[in-house]
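Student: Let me give you the structure first, and then I'll get to my questions.
Read the figures in this text as sums done on the coordinates, not as results from a lab. Fair warning: this is a prediction, and the values are worked out from it, not measured in the lab. Reconstructed Cβ throughout: ideal geometry from the backbone, glycine too, with neighbour counts over all protein chains shown.
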Amino acid sequence: MAKKSLQRYLAKIKKDYNVVLTEENYKNIILEELESPPSLLDYFRDYMEKNKAKITLEWGCLMFLFIKADEEKYAPDIEKYYRLLETYTPNWFTEVGLAELQLRYYGNVLKARDGFLKGLELKPDDAHCHYNLGFVYHLLGVSDKSFEHYEKAVINYQTANKPKEIKARSLYNLAVFKINVEHDYEAGGRFLKEALALMPRYPEAKRALKQMRWLR
Amino acid sequence: MRRRTTSRDEESVNLGLFDFWLPTKESVEKVVLIQIECNLNVPSPELNDRTPYEDIVITKSASNYFNAFPIIKKAPTFKYYHQMLPLSEKEFVYKAVYSKTGGILNIFHPKIRESMDSELKKQFSQHEDEKEAIRIWKDTPSELWSNLPPKFVWAGGGKIEGELLLDFLQYLTRKVRRKEFDTPGDSMITALRNLREWQFISNEICSGMAPVDAIVEERKEIYKRKSAFLQEMLIETDFV
């Protein structure tokens, strides 16, 4: 039975993506598919090493198909391959992929929170998880935790896929907190300027700074 | 994200003169429940300046309340009053909080169950005495209810929160008018973003205060009044 499904996955990968996965190449192909950031590649090298007795070519196929479903943002396949991968040790990529699905597709903020927290357990100090938790806690109306996670995203921004963007967006959100919640316009202005130094064309930050000047 | 399901499509709700936009069927129902929760905490001369809550607890029946306000019986929302009343012993134990709406600040949250409450689990695991665990838990701001502590969720909102609810629905409807959403997540995030924006904007309904502060203040007062009332009635509750 397991052999049959493996053959099916291999055939699907060959047909849909023109890639031939083998026992010898699947680990490298997964790393190639993940591309970046370096911290994620290091994480997966470590994951594959620690779980070498458990992971198989079937895991490689399922991970490959999960990555593709995630790239294509195709919700039913993300869920399908996540479920099939549940028999293996959890990994950061699938947990965070599912958390993003819960948030962006279903709007299930509490489940998304749990997923990003799990992601953080698997890859501590991960800026992507901190950034998303900042956003999730903002939606949940838990401002102090939102601020805390945005701050940590700023500190650990280099672990993210687009480090400058994550840092700039986190700084913008810190500014919004300072302005809206604490009415601290000075600190808010400082965060906005820092965000604009990293991403000079950041429209929301530009607009907010303009509004602040107008208010004064 | 590519759309596949349509089961949680956005909804519109008609509350008297206005049509409002809401992201889910659940939130439409919650609006009605929040209004009822708020109404139950507003004292009225028809009930000798008691709140409907107090009157129902004293008389162990909602008849006085419904007779004083016969319009309720004719309203299409009457079945929801049945769902929330009468107020039995269950109302006074800690589990009662999971039957509450959490008010405007939690209007888009799903139904909260005890199994989701990690703070309660934590307190139970740290304290052998269950009462002590509940005592700490009820005062601790909770992620499940927009940082409101369980005791304020249990207490419910009042007149100001009721008025703010309509204000927020108008605000949200203005903001999302003619907007199209790709996924249920997209409409939910938009609704929540607008809620979190609105809650910090100074509002005339609460004398220029930010709605979030006014809501907490009012719930504090309602909690105080409810606690005093239950103590006077010699009714034991986990929330006092």
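Student: Identify the GluC sites (Glu not before Pro) of the range A:36-132 meeting these criteria: DSSP loop state and at most 14 other C-beta atoms within 10 Å of the C-beta. Please report the intermediate quantities before stating the final value.
Tutor: Working: sites: A:GLU49, A:GLU58, A:GLU71, A:GLU72, A:GLU79, A:GLU86, A:GLU95, A:GLU100, A:GLU121; in loops: A:GLU86.
Taking the range A:36-132 and a limit of 14 other Cβ atoms within 10 Å, the loop GluC sites (Glu not before Pro) found are A:GLU86.
Student: Given the pairs A:LYS80/B:LYS111; B:LYS100/B:LYS220; A:LYS118/A:LYS206, which span a C-alpha to C-alpha distance of over 24 angstrom in this model?
Tutor: A:LYS80/B:LYS111; A:LYS118/A:LYS206
Student: Over all directions, the average projected area of the alpha-carbon convex hull for the range A:125-216 comes to how many nm²? Walk me through the numbers before you get to the answer.
Tutor: Details: hull surface 21.4 nm².
Reported value for the Cα convex hull: 5.3 nm².
Student: Report, in cubic angstrom per residue, the convex hull volume of the C-alpha atoms of the protein assembly as shown.
Tutor: Details: hull volume 84.8 nm³, N = 456.
Each residue corresponds to 186 Å³ of Cα convex hull volume.
Student: Once you order the gyration tensor axes a ≥ b ≥ c over the Cα atoms, which shape class does chain B get: rounded for a/c under 1.5, otherwise prolate or oblate by comparing a/b with b/c?
Tutor: Numbers: a/c = 1.73, a/b = 1.25, b/c = 1.38.
Oblate shape, in that a/c is at least 1.5 and b/c is the bigger or equal ratio.
Student: Here is a follow-up. What pairs in B:LYS90/B:LYS226; B:LYS30/B:LYS159; A:LYS178/B:LYS30 have C-alpha atoms more than 22 Å from each other?
Tutor: Values: B:LYS90/B:LYS226 15 Å; B:LYS30/B:LYS159 17 Å; A:LYS178/B:LYS30 31 Å.
Cα-Cα > 22 Å for A:LYS178/B:LYS30; rest within.
Student: For the range A:125-216, build the charge dipole from Cβ charges (+1 Lys, Arg; -1 Asp, Glu) around the Cα centre, then report which of A:TYR150, A:ALA205, A:PHE191 sits farthest towards its positive end.
Tutor: Projecting each Cα onto the dipole axis, the largest value belongs to A:ALA205.
Student: Considering lysine pairs in the range A:14-59 that are 8 or more places apart or on different chains, how many have Cα atoms under 20 Å apart?
Tutor: Numbers: A:LYS14/A:LYS27; A:LYS15/A:LYS27; A:LYS27/A:LYS50; A:LYS27/A:LYS52; A:LYS27/A:LYS54.
Close lysine pairs found across the range A:14-59: 5.
Student: Spelling out what I want: for every residue of the range A:23-37, take phi, set θ = phi - 60°, compute 6.51 cos²θ - 1.76 cosθ + 1.60 (Karplus), and round to whole Hz; glycine and proline get x.
Tutor: Using θ = phi - 60°, the values come out as 4, 7, 9, 5, 5, 5, 5, 4, 5, 5, 5, 5, 6, 7, x Hz.
Student: So, one more: Given just the C-alpha atoms of chain A, how large is their convex hull per residue in cubic angstrom?
Tutor: On the way: hull volume 27.2 nm³, N = 216.
Hull volume over Cα atoms, normalised by residue count, gives 126 Å³.
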